[in-house]
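Working notes for the structure below.
The values are calculated or read from the model by the stated rules, or taken from the named source; none is laboratory data. Keep in mind it's a predicted model, so treat the numbers as computed, not measured. Here the Cβ positions follow ideal geometry from the backbone for every residue, glycine too, while neighbour counts run over all protein chains shown. We work out accessible area using only protein heavy atoms, side chains counted, and drop any ligands, DNA or RNA first. Shrake-Rupley method; radii C 1.70, N 1.55, O 1.52, S 1.80 Å.
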Amino acid sequence: MKVAIIHDWLVTYAGAEKVLEQLLKIYPDADLFSLVDFIDEGQRGFILNKQVTTSFIQKFPFARKKYRSYLPFMPLAIEQLDVSKYDVVISSSHAVAKGIITGPDQLHISYVHSPIRYAWDLQHQYLREAGLERGIKGWMAKAILHYIRNWDYRTANGVDYFVANSKFIARRIWKVYRREADVIYPPVDVSAFSFHDRKEEFYLTASRMVPYKKIDLIVEAFSQMPDKKLVVIGDGPDFQKVKAKAGPNVELLGYQPFEVLRDYMQRAKAFVFAAEEDFGITPVEAQACGTPVIAYGKGGALETVRGYGQVEKPTGLFFEEQNVSSLVHSIELFEKISGDIQYQDCRENALRFSPERFRKEFEDYVNSKLENMQIKN
């Protein structure tokens, strides 16, 4: 059985690449395709040091840093990658990978991290944050996104089976493609975050500082609670904006290596998470350390955190609105009920998302679809 794995772009090692890493562990002999590949030598272990077949965008000027600017070319580029000789095609897609062209005797399974967010329900937020709501550039951006939407919807017909990384994304897939999706939660390296049951008197948040992560909201909330300490790990475009809102009880550490992040996660009283994520890996990593999570009650967090007052063995609680008062209220509630959350329950909940579990579920899923295909033929 010849297997091809299609990935949007290879420029870093983040959440989507952690899924790719596990797919390659399931199918180590698979050939790998991507729009671009700019992973440096010495950092290619997660793709088993494979030679990657790339698209014509790889040779475009400044593609290493400006690859996203070539979005209008991406549909054409992904369609030029030839996977006609493979029996099974697996696309790992948050942009255009699912648009790979396959034939009637090939099995195409698409693991979707999200339909293209900035072309669908998050279009207006994207245009607003990019300053593209008005003017000639704004109209050009809107026209390009309209074209991307039409292409994205059409190419959904080329996928035999959709797999979503959460129920939240399965609903988004149904909304934009009108296709059912099965859910296989992504892998989280919970073994790298050892259990620690001695907590200290500080809260933690950690993230890249971009608008939708809402780090500024968390900092502003704690600045209104001077008796509670917040530690913030991460860097990004919003760092100065966040720093301007930080009171003396907020400690901004900027970017930190993994060992430092893990140490703070293990010792924190709770991890605070204010983004509406498709899945959200960091709340799972925090729980793997035995640390409770205070999260915004939308998106993937509803599936990874067991909310206080909603289920047995809670591992955290949710705040209902993305505003300061709602978060402040939840932190005050957490102070009262934190004794009802057992650190060991947090750890056990996180183990549901291990890489071993992902590999078994995904391999079993592909095998079952192959059997169905053989029966039909």
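Between ALA16, ALA30, the distinction of being in contact with a strand residue (DSSP E or B) (Cβ under 9 Å, 6 or more places away or on another chain), at pLDDT 95 or above, of a type in the set (Gly, Ala, Ser) and at negative phi belongs to ALA30 only. Of all the listed residues (ALA295, ALA221), the sole one being in contact with a Phe, Trp or Tyr (Cβ under 8 Å, 6 or more places away or on another chain) and either assigned to a loop (DSSP other than H, G, I, E, B) or modelled with pLDDT of 95 or more (or both) is ALA295. All conditions but one from (1) crowded, with 24+ Cβ neighbours inside 10 Å; (2) hydrophobic (A, V, I, L, M, F, W, C); (3) closer than 20 Å to VAL183 by Cβ apply to ALA288; the one that does not is (3). Checking every residue in the range 87-97 against the condition of being without any contact (Cβ under 8 Å) to a residue 24 or more places away in the chain and out of contact with any strand residue (DSSP E or B) (no Cβ under 7 Å at 6 or more places or on another chain) gives zero matches. Consider only pairs whose beta carbons are under 7 Å apart and that are at least six residues apart or on different chains; among these, list those whose first residue lies in the range 350-376 and is without any contact (Cβ under 8 Å) to a residue 60 or more places away in the chain and whose second residue is not hydroxyl-bearing (Ser, Thr, Tyr). No pair meets every condition.
Taking LEU252, is it of a type in the set (A, V, I, L, M, F, W, C), outside any loop (DSSP other than H, G, I, E, B), open to solvent by 10 Å² or more (accessible area, probe 1.4 Å) and under 17 Å from PHE271 (Cα atoms)? For LEU252, the condition - of a type in the set (A, V, I, L, M, F, W, C), outside any loop (DSSP other than H, G, I, E, B), open to solvent by 10 Å² or more (accessible area, probe 1.4 Å) and under 17 Å from PHE271 (Cα atoms) - is met. On the basis of being part of a helix (DSSP H, G or I), open to solvent by less than 40 Å² (accessible area, probe 1.4 Å), charged (D, E, K, R) and over 18 Å from TYR296 (Cβ atoms), does ASP152 make the cut? Taking the combined requirement at face value, the residue satisfies it.
What pairs can you find where one residue is in the range 238-249 and under 12 Å from PHE222 (Cα atoms), the other is of a type in the set (Gly, Ala, Ser) and surrounded by 16 or more Cβ atoms within 10 Å (Cβ to Cβ), and their Cβ atoms are less than 7 Å apart, with a gap of 6+ or different chains? Note: pairs meeting the criteria are LYS245/SER223; ALA246/SER223; GLY247/SER223.
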